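What follows is calculated from the coordinates using simple rules that are stated; it is not laboratory data. If you're wondering where the values come from, they're calculated on a predicted model, not measured in any experiment. Backbone-built Cβ (ideal geometry, glycine too); neighbour counts: all protein chains shown.
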Amino acid sequence: MKKQDRLPGLSALKLCGLLALVCLVGAGPGWCQTPGSPPESSQPFINSIRIFGNATVRSKVLFNEMVTSRPLPFRWRTPPKLNPDDFNDDLERLKALYRRHGFYHTKIDADVQESQGQVDIRIHIHEGPWIRISSVAVSVVGPERPGPLKTQVKENPLVRGERFTEKKFEGFKKEILNYLLDHGYPKARVEGEVLLDAAANTAQVFVQVWPGPRCTFGEITVRGWQDTPEALIRRNLRVKKGELFSLEKIIASQERLYELDLFRSILVDPEEVPEEETKIPLTVEVGEKKKRSLRIGAGYGSWDEFRARAILRYRNFAGGGRILEMSTKYSRLDNRFEGMFLNPMIFGYDLDLVITTGLLRRYYPSFSDKAFYSRALLEREFPGQIKGYVGHGLEFARPFNVSDAALQLLRETRPGKLYEANMVLWGLSRNTIDNPAEPQKGGQVFFLGEWAPALISPKLQFVQSNLEVRQYHNLGPKNVVLAGRIKFGVMPPIQDTDQIPIYRRYFTGGPTSMRAYRNYYLGPRDEAGNPLGGESIFISNLEVRFPLYEDFRGVAFFDAGNVFYKVKDTDLGQIKYGAGFGLRYQTPIGPIGVEFAWPLNPINRERDKYQIVFNIGQTF
């Protein structure tokens, strides 16, 4: 029979004394073996440290495990000194690191060459064979039976025949515990042990689960609110009395309350109850934000150049969780002043009133316009993270600076004319992304519509429908994300309107849609090359976002889309394509980056050769 060592729990895996075939670090230079360190003044400077033989564990991971510092590649700083005791401890740390990665026979030798007060260090690693997972057994202790846990967890990193690591072992236990906490077992406990056969290089994994009783949510107590209505807080909780206990719903409740922008601190805390109690009370403790805040920001983009924005927000305006916000924006492409008023739970119903009013001035390649707009919406949330709204919109707009060539084709557009539109508005949306600043998984769906019939809009009639779908998938290896977007919109004129005026037409091209083409230049154009916009639009974007180094990320993308003169002219055979790559740096306010894009079937081969895009934030 082969010799076996039983290691109870993860901590025992770190006890190399229990393994029969663990090799000691090879002998380095003589002074490395001497107890104690020489005085710092006599310690040599480190000229270089190099690692050889590490086929499985990256050098960056190994260097991060060491206390001994590497000299910087650019010698603008004094190189570090070598402390023999720290370096010997580093070699032991590297052995322990390899054990955590499933290598229990690793040999590490250090070659230290000293010359003229400097040392060059060469660390040679012979990894040896790794420990293979031979079996995984999960047992449930107690009367409660949650089911076959090994197959119910989202990810099972312990696969028979693959390499055993402590990270996989702990991750498997954590997945089981999270599953139980999200399915009614807040008192669950998960422990494990590993039976290693160092001679055969195999590991038998045993996991024991104590689920405890299945529990539900009990009474929910709300504390700390002052001006915010308690009913508004309770409405945004994702937990309800009597429902099955779920840690995931508790976390979702905290996130949803933070989205209200009314609270600086939120704690949804399950209370301690006796072991036999199956109803878990919750305490929701909130701390309200300051009533007023002012945010000022500035930036630069390749399409709108310098831009600045200021936002003044009043929280709990006149109490009741109401929000009043005034904002202004300046850039080369548009100037805007806007006011927004939010009244949640109007008249005590589960409806929110949102009123938005603003002044707008835009500068497009083929026209400019001034506009006043106002929207009043009634919003409501539905199950399944769906939000819908209906409302009314009013718009006054005056286009100008329209070229004569464009006016010959857009006969319904008259520069200087004041256009008026009264609209019925509706919309549905669903948002399941995990992080608004940098989505890793989930998706967004928007279906929005505007209807301006002659009954309420005698001067301009149209129907507009827009559908946009965004999806994000984390591909797993090294945090690689596949992101995609499809947008389709139509806006045909109806009744007494024969043609949509230029200020209302679709335009595309530029950093937020088709990066390989000039801003707003895609689609039909007049004889002078000025874009005319269209009554329908199609855009599709595909990106692969991947890490490079620390906070730097790379992106490779492919864009497709176009604008069509009339809805009946929509032809996917006329789609324009572009591709490129970019570099982004993650900041607390979002990624800052530069992208290089090339048109694959350019509008003008002499002028449209490539585009360089500087931007803040994700494209979508």
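Using a basic spin-label model with each label point 7 Å from the Cα along Cα→Cβ, how many nm lie between residue 528 and residue 261?
Between residue 528 and residue 261, the label points sit 4.1 nm apart.
Please give the peptides 364-375, 316-327, 600-611 ranked by average Cβ packing (other Cβ atoms within 10 Å per residue), highest first, as a rough proxy for protection.
Details: 364-375: 18.6, 316-327: 16.5, 600-611: 13.2.
Packing proxy ranking, top to bottom: 364-375, 316-327, 600-611.
List the residues of segment 329-343 whose backbone N lies under 17 Å from a point placed 7 Å from the Cα of residue 311 along the Cα-to-Cβ direction.
The answer is 329-331, 336-343, whose backbone nitrogens lie closer than 17 Å to the label point.
Taking every DSSP beta bridge that has both residues in segment 364-616, what percent is antiparallel when rounded to the nearest 5? Don't skip to the answer; put the middle values down first.
Numbers: 108 of 108 bridges.
Of the beta bridges lying entirely in segment 364-616, close to 100 percent run antiparallel.
On C-alpha positions alone, give me the angle between the axis of helix 84-100 and the longest principal axis of the chain, in degrees, nearest 10.
With rounding to tens, the tilt is 70 degrees.
When 598, 303 are ordered from fewest to most other Cβ atoms inside 10 Å of their Cβ, what list results? Walk me through the numbers on the way to the answer.
On the way: 598 16, 303 20.
Sorted ascending by nearby Cβ count, the order is 598, 303.
Plugging the Kirkwood radius over Cα pairs into Stokes-Einstein for segment 364-616, at a temperature of 37 °C and a viscosity of 0.692 mPa s, what D comes out in µm²/s? Before the final figure, lay out each step's value.
Details: Rh = 19.9 Å.
Stokes-Einstein gives a translational diffusion coefficient of 165 µm²/s.
Starting from 0.36 nm per residue, how many nanometres of slack lie between residue 290 and residue 116 once their C-alpha separation is accounted for? Each step should come with its number before you reach the end.
On the way: separation 174, 0.36 × 174 = 62.64 nm, distance 6.27 nm.
Contour length minus the Cα-Cα distance gives 56.4 nm.
Under 19 Å from a point 7 Å along the Cα-to-Cβ line of residue 566: which residues of segment 522-542 have their amide N that close?
Those under the cut-off are 523-527, 532-538.
Roughly how far apart, in whole Å, are the Cα centres of segment 420-443 and segment 196-244?
29 Å
Taking K and R as +1 and D and E as -1, what net charge do the other residues with C-beta under 15 Å from the C-beta of residue 289 add up to? Write down the numbers at each step before the final one.
On the way: positive: 264, 290, 291, 292, 295, 313, 315, 322; negative: 227, 259, 261, 285, 288, 325.
Charge balance near residue 289 sits at +2.
Where the Cα atoms of segment 462-586 are projected onto their three principal axes, how long is each span, largest first, in whole Å?
58, 30, 26 Å, listed from the longest principal axis down.
According to the Kirkwood expression over distinct Cα-Cα pairs, how big is the hydrodynamic radius of segment 216-288, in Å?
Working: mean 1/r = 0.0804 Å⁻¹.
After inverting the pairwise mean of 1/r, the radius is 12.4 Å.
Could you give the nm distance between label points at residue 219 and residue 465, where each point is 7 Å from its Cα heading toward the beta carbon?
Output for this residue pair reads 5.2 nm.
Please report, in debye to the nearest 20, how large the charge dipole of the chain is about its Cα centre when each Lys and Arg carries +1 at its beta carbon and each Asp and Glu carries -1 there. Spell out each step's value before the answer.
Numbers: 84 positive and 71 negative charges, 168 e Å.
Computed charge dipole of the chain: roughly 800 debye.
Between (1) 3, 16, 26, 26, 18, 9, 2, 0, 0; (2) 3, 16, 27, 29, 18, 5, 1, 0, 0; (3) 3, 11, 17, 19, 17, 15, 11, 5, 1, 0, which entry matches P(r) over Cα pairs in 10 Å bins from 0, in percent as derived from the coordinates of this structure?
(3)
Counting only C-alpha contacts under 8 Å and six or more residues apart, can you give the relative contact order of the chain as a whole percent? Don't jump to the answer; show the numbers that get you there.
Numbers: 1481 pairs, mean separation 41.0, N = 620.
It comes to 7 percent, rounded to a whole number.
With axes computed from alpha carbons, what is the tilt in degrees of helix 247-259 against the longest principal axis of the chain, rounded to the nearest 10 within 0 to 90?
It is inclined by approximately 40 degrees.
Please list, in order along segment 344-360, the HN-Hα scalar couplings obtained from phi with the Karplus expression 6.51 cos²θ - 1.76 cosθ + 1.60 (θ = phi - 60°), rounded to whole Hz, x for Gly and Pro.
In residue order, the calculated couplings are x, 6, 5, 6, x, 8, 7, 10, 10, 9, 10, 10, 10, 9, x, 10, 9 Hz.
How charged is the neighbourhood of residue 610? Take every other residue with its Cβ under 12 Å from the Cβ of residue 610, and add Lys/Arg as +1 and Asp/Glu as -1. Numbers along the way, then the final one.
Working: positive: 515, 518, 605, 607, 609; negative: 595, 608.
It works out to a net charge of +3.
Give the order of 209, 424 when sorted by the count of other beta carbons within 10 angstrom, beginning with the fewest.
Details: 209 24, 424 17.
Neighbour counts put them in this order, fewest first: 424, 209.
With all pairs of different alpha carbon atoms counted, what Kirkwood hydrodynamic radius in Å does segment 359-500 show?
Numbers: mean 1/r = 0.0561 Å⁻¹.
Taking every pair of different Cα atoms in segment 359-500, averaging 1/r and inverting gives 17.8 Å.
If you take the alpha carbon radius of gyration of segment 132-210 and divide it by 2.2 N^0.38 Å, what ratio comes out, to two decimals? Intermediate values should be presented prior to the final figure.
Numbers: Rg = 12.7 Å, N = 79, 2.2 N^0.38 = 11.6 Å.
It is 1.10.
Can you tell me which of 96-107, 197-208 comes out highest on packing, and rank the rest after it, using the mean Cβ neighbours within 10 Å? Working shown, then result.
On the way: 96-107: 20.6, 197-208: 17.8.
Output ranking for 96-107, 197-208: 96-107, 197-208.
Could you list which residues have their amide H under 5 Å from that of residue 288, counting only those 5 or more apart in sequence or on another chain, with H placed in the peptide plane?
Hits under the 5 Å cutoff: 264.
Where Lys and Arg each count +1 and Asp and Glu each count -1, what net charge lies around residue 126 among other residues with Cβ under 15 Å from its Cβ?
Details: positive: 95, 99, 107, 122; negative: 109, 111, 127.
Here the count lands on +1.
Could you give the length gained by full extension between residue 605 and residue 401, i.e. 0.36 nm per residue of separation minus their alpha carbon distance, to one decimal place?
Length gained, residue 605 through residue 401: 70.7 nm.
Whole Å is fine, so just give me how far the alpha carbon centre of segment 507-571 lies from that of segment 292-307.
Taking the Cα centre of each part, segment 507-571 and segment 292-307 sit 23 Å apart.
How much of the DSSP bridge set in the chain is antiparallel, in percent, rounded to the nearest 5?
Just about 90 percent of them are antiparallel.
If one takes the longest principal axis of the Cα atoms in the chain, at what angle in degrees, from 0 to 90 and to the nearest 10, does the Cα axis of helix 166-181 lie?
Helix 166-181 and the main axis of the chain meet at about 50 degrees.
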